[in-house]
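Asks: Take a look at this one; I'll ask things after.
FYI, it's all coordinate maths here, none of it is from the lab. Not measured: the values here are computed from a predicted model.
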Amino acid sequence: MKSFLPAVLLSFVFVACASKSKTEAPVVATAPVQTAAPAKPMTKAEAKKAKAQAAKEAKAVKAASKSESSVTTAASATSDSATSVTCKAGSDERVLAIVTKDTGCELHYTKAGKASTIASQVVGNAKCETVMTSVKEKLIASGFSCQ
């Protein structure tokens, strides 16, 4: 009986501790909350200065977007004029042509009268232009003259 009583008490302690840990919420460490100092009211001069600064930044953004669009327009003008290249070496003729397809492009390569698509892009035509330039350079290195 003496050995039975301590075993029963010990089992109650284990059961009590086990059930206690299941019901307690997990402890989560959090960083201390920092409160901001109350904002100091702006004077009229400070408000005017802030407004002028915001207007200056808006003007700079507008000017940057305007110059960017003129660069884009110039790039598209050059790409429109260079949509087809013909390379010749004797009687051998090769044609590279960028064809607009929806919002993207396809690069067609014609060799011995047979056309095939060698590059395409879903949106834009940068890839077609890059591949066209690469193929054109390889043809020139092989003795073709391109126009």
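Asks: Can you list, largest first and rounded to whole Å, the semi-axes you get for segment 82-146 by taking the square root of 5 times each eigenvalue of its Cα gyration tensor? The partial results should precede the final answer.
Replies: Numbers: eigenvalues 96, 28, 12 Å².
Listed largest to smallest, the semi-axes of segment 82-146 are 22, 12, 8 Å.
Asks: Would you please give the residues with an amide H less than 5 Å from that of G104, counting only those at least 5 places away or on a separate chain, with H modeled from the backbone geometry?
Replies: Amide H neighbours of G104, under 5 Å, 5+ apart: G124.
Asks: Right, another one. Per-residue HN-Hα couplings for segment 131-147, Karplus 6.51 cos²θ - 1.76 cosθ + 1.60 at θ = phi - 60°, whole Hz, x for Gly and Pro?
Replies: With coefficients 6.51, -1.76 and 1.60, one gets 5, 4, 4, 4, 5, 4, 5, 5, 5, 5, 5, 8, x, 7, 10, 10, 9 Hz.
Asks: Then there is this: Using θ = phi - 60° and the Karplus relation 6.51 cos²θ - 1.76 cosθ + 1.60, list the HN-Hα couplings for segment 89-94 in order, rounded to whole Hz, with x at every Gly or Pro.
Replies: Coupling constants for segment 89-94: 9, x, 8, 7, 10, 10 Hz.
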